[in-house]
Every structure is written in structure tokens, then in C-alpha cells.
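Written out below as C-alpha cells is the structure these notes cover.
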Amino acid sequence: QVQLVESGGGLVQPGGSLRLSCAASRSIFTGYTMGWYRQVPGKQRELVATITSGGLTRYADSVKGRFTISRDNGKNTVYLQMNSLKSEDTAVYYCNRNPYNPQISWGQGTQVTVSS
């Protein structure tokens, strides 16, 4: 079954850290660039970070220096380490291929709330 399962979100105070995980089906993950995306109500989903199958990474300017994307090719899992969190990082976070393939359904996402 082709799927994406995100986890690790929660409520954290500004300046805090979270580590998100995304377990993907092998057919989605192996050999492809993966990305973390986020969405807040009323806004389009935005790309936060990407990582190629070989480990090359890119980040949105808004998270550069604070977030780190990584992957474990043996576990078909991609991670997002988020440090120095800000209130504007509050969103539902999703993973998927990059560029996005419309034939791959989004997972349920994981809610990240940054609030004091």
C-alpha cells in the first residue's frame, strides 16, 4: 500500500525543538527527492525543505539555519529537526516527494503548534 505517515508534532514553546518523522512506502521513497511541506488554514501548502536520495538538502529561507532535514534510506524515513521554533512555524506538516506527484496521496500530517 502506497502511503506516507507523519509523526512527532506537538505543542512547544517559542525557542523549543521538535523532531518530525515520516515513514514512507518504499515505492514513494527509494531513489526520490523527498520534501517536508507545511500548511496553515486558508493558505497554500508551502515547501519547507528537501533532500535528494544522495543527501543533498535545500531549505526555504524562513527556516534556513533552524531546521535540518535528513533521511534514513534503510528505513524509508525522512526526518525534520526543528530548532528555535517560532510562532509562525505553527502549521500542519506533511512529507511527500519533491516535485509533488499528484498520484501520491498526502498523509494525515502532523500538527506543530508553537505557543507560550
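For first residues located in segment 79-92 and under 23 Å from Phe29 (Cβ atoms), partners that are in a loop (DSSP other than H, G, I, E, B) and small (Gly, Ala, Ser) and lie 6+ apart or on another chain with Cβ distances below 9 Å form the pairs Tyr79/Gly8; Leu80/Gly8; Gln81/Ser17; Met82/Gly16; Met82/Ser17; Ala91/Gly109; Val92/Gly9; Val92/Gly109.
Looking only at residues of segment 46-60 that are farther than 17 Å from Arg19 by Cβ and among the aliphatic types (A, V, I, L, M), we find that the one that is farthest from the chain's Cα centre (by Cα) is Leu56. Answer yes if at least one residue in segment 52-59 is of a type in the set (Val, Ile, Thr), buried (at least 17 other Cβ atoms within 10 Å of the Cβ) and on the phi < 0 side of the Ramachandran plot, and no otherwise. Checked against the condition, which is being of a type in the set (Val, Ile, Thr), buried (at least 17 other Cβ atoms within 10 Å of the Cβ) and on the phi < 0 side of the Ramachandran plot, segment 52-59 yields no hits at all. Residues in segment 33-64 that are in a strand (DSSP E or B), in contact (Cβ under 8 Å) with a residue 40 or more places away in the chain and either β-branched (Val, Ile, Thr) or farther than 16 Å from Gln108 by Cα (or both): Met34, Leu47, Val48, Thr50.
Has segment 78-90 got at least one residue that is under 14 Å from the mean Cα position of the chain (by Cα), farther than 23 Å from Pro14 by Cα and surrounded by 15 or more Cβ atoms within 10 Å (Cβ to Cβ)? Yes, segment 78-90 contains at least one residue that is under 14 Å from the mean Cα position of the chain (by Cα), farther than 23 Å from Pro14 by Cα and surrounded by 15 or more Cβ atoms within 10 Å (Cβ to Cβ).
Candidates are the residues of segment 10-32 that are within 19 Å of Ser62 (Cα to Cα) and part of a loop (DSSP other than H, G, I, E, B); the one that is least open to solvent (accessible area, probe 1.4 Å) is Gly16. Listed by position, the strands (runs of 3 or more DSSP E) inside segment 65-116 whose residues that are more than 14 Å from Cys22 (Cα to Cα) and of a type in the set (Phe, Trp, Tyr) number at least 1 are 67-72. The single residue among Gln3, Gln39 that is open to solvent by less than 60 Å² (accessible area, probe 1.4 Å) and polar (S, T, N, Q) turns out to be Gln39.
The values are calculated or read from the model by the stated rules, or taken from the named source; none is laboratory data. All of these numbers come straight from a predicted model, not from anything done at the bench. Every residue, glycine as well, gets a Cβ built from its backbone with ideal geometry; the counts of neighbours run over all protein chains shown. Protein only, heavy atoms only, side chains kept; ligands, DNA and RNA dropped before computing areas. Shrake-Rupley method; radii C 1.70, N 1.55, O 1.52, S 1.80 Å.
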